[in-house]
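The values are calculated or read from the model by the stated rules, or taken from the named source; none is laboratory data. Because the structure is a prediction, the values reported are computed rather than measured. Methodologically, a virtual Cβ is constructed for each residue, glycine included, from the backbone with ideal geometry; neighbour enumeration extends over all protein chains shown.
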Amino acid sequence: MTTEYDKPEPFAQSNEVDEDTTGRLKHESAERIFRLLQFLSANTCTRQDVFTHLASYYKMEEEEASDTLAQKRANRMFERDIRFLEEQGFEVQRERGGKGRPTRYSIVRGSGPRPTFLFTENEVDSLALLYNMFADPNRYAQFDPTQPLPQQPPRNPFADEMLKLLEKLTATLPRQQREQFERRVRKPYVYFNLSTVSDYLPYREVIETVVRAIAQRQQIAFQYKPTHRRQDTTDHEHIDPYYITYMDGHFYLIAFSHKMNDFLEYRIDRIIGETLKIQPDMIDTQRRRHPVEFRFWIDGQIAKRGLSQRWITQVEEREESYTDERGYQHRRVLVRATAYSEWRILQQILKYGDRAELVEPERLRERMKQVVQRMQKFYED
């Protein structure tokens with residue numbers, strides 16, 4: 001049911017004209033619309049709320065508020081003001097009350113006149129590259145068996161939001177730059193897609209819950225799927241979450257386990273979403289500031305090609321030459337790095353095989369010795 005206040009009125013044709021002879025808004029009308037924009041941007045309210053809050057602007061002083069003509073005049077002014085705001089690009093949300101209750105109005109956040117962005121040609125190309133990092137590379141391509149394109153990647157949990165944001169931004173570009181952007185998107189020169197190994201879109205809610213816990217500095221608890229499917233899920237309680245990172249096509253939660261007394265990496269797609277709970281206990285914010293510092297020697301050729309990007313920080317301290325057991329000369333680099341997970345340090349150093357040596361801290365070097373000794377037993381006769 002629409003109330004009397006919700007019925008639109010035709011524009012006034014006599015003494016309520018809001019424009020001067022040049023077609024410009026009068027100062028009084030401009031100030032009223034500006035105040036209305038402020039009020040609707042901060043509140044969801046009925047038009048009667050508007051008339052009460054902006055009584056002087058809508059000529060609804062106490063002595064006239066009950067007058068039918070004053071109400072109709074205010075309604076006409078309100079309808080014109082709402083139309084004007086919508087013509088300028090503001091999205092006015094109307095929530096129907098129903099059962100005799102009045103409609104409530106508000107301004108949708110982020111709506112309004114869009115500024116025109118002027119970019120250089122290289123910057124437009126960069127926008128297209130950023131867009132294609134999240135878009136399906138086969139979206140615009142025609143199938144050609146002689147020139148196959150990359151297959152559609154698993155869904156990145158942030159792809160939809162990134163694409164919508166970039167589309168909103170590029171919609172403001174001048175026509176020539178918009179056409180340049182669309183050409184690069186439809187036929188990119190570089191296929192650089194930020195894809196994931198598995199489909200992480202179903203785990204977006206898990207990511208949001210973990211991020212909320214991090215922001216609130218609260219512990220979490222959850223059940224975790226092991227690497228081998230035949231094993232039962234394990235309970236992880238009193239977990240201090242610190243951040244989520246993207247490594248090797250997967251999203252990992254870096255967190256401290258009070259039970260294990262160590263930093264661990266939890267792969268997001270192995271966290272069982274329905275068991276994930278934010279706990280009332282607060283995390284230890286001081287521990288986060290003290291990652292593990294370690295040093296290791298690595299073959300000079302590997303260092304030249306580029307070290308692992310898994311570490312928080314890494315610095316090449318010095319380089320030296322050495323002779324191996326067969327008398328050949330080699331060069332190696334001493335690297336000082338920091339990381340949160342000791343387990344990850346061991347795993348990454350092991351990937352280099354005999355071309356890397358963990359030096360310190362001593363306790364971590366001892367753990368590496370134990371791992372290597374267990375590996376050696378696999379190959380003993």
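Tabulated data
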item	result
Test: residue in the range 96-114 that is polar (S, T, N, Q), at pLDDT 80 or above, surrounded by 13 or more Cβ atoms within 10 Å (Cβ to Cβ) and under 29 Å from the mean Cα position of the chain (by Cα)	yes
Residues of the range 299-326 satisfying the condition of being closer than 13 Å to Arg355 by Cβ and among the hydrophobic types (A, V, I, L, M, F, W, C)	Ile302, Ala303, Leu307
Inter-residue pairs, beta-carbon under 9 Å, first in a loop (DSSP other than H, G, I, E, B) and in the range 85-102, second surrounded by 13 or more Cβ atoms within 10 Å (Cβ to Cβ) and small (Gly, Ala, Ser), 6+ apart	Gln88/Gly112; Gly89/Ser111; Gly89/Gly112; Phe90/Ser41; Phe90/Ser111; Phe90/Gly112; Glu91/Ser111; Glu91/Gly112
Within the range 216-256, tally of residues that are closer than 20 Å to Asn156 by Cβ and either of a type in the set (Asp, Glu) or surrounded by fewer than 16 Cβ atoms within 10 Å (Cβ to Cβ) (or both)	6
Residue check for Phe143: modelled with pLDDT under 85 and within 19 Å of Pro188 (Cβ to Cβ)	yes
Residue among Lys277, Lys259 that alone is among the basic types (Lys, Arg), surrounded by fewer than 18 Cβ atoms within 10 Å (Cβ to Cβ) and closer than 23 Å to Asp199 by Cα	Lys277
Scope the range 333-381; condition in contact (Cβ under 8 Å) with a residue 60 or more places away in the chain and either touching a helix residue (DSSP H, G or I) at 6+ places or on another chain (Cβ under 9 Å) or in a strand (DSSP E or B) (or both); matching residues	Tyr340, Ser341, Glu342, Ala356, Glu357, Leu358, Val359, Glu360, Leu364
Selection from the range 225-265 of residues that are at pLDDT 85 or above and outside any strand (DSSP E or B)	Lys225, Thr233, His258, Lys259, Met260, Asn261
Meets criteria (polar (S, T, N, Q), in the same structural domain as Ile268 (by TED's automatic domain parsing) and surrounded by 12 or more Cβ atoms within 10 Å (Cβ to Cβ)) for Thr209	yes
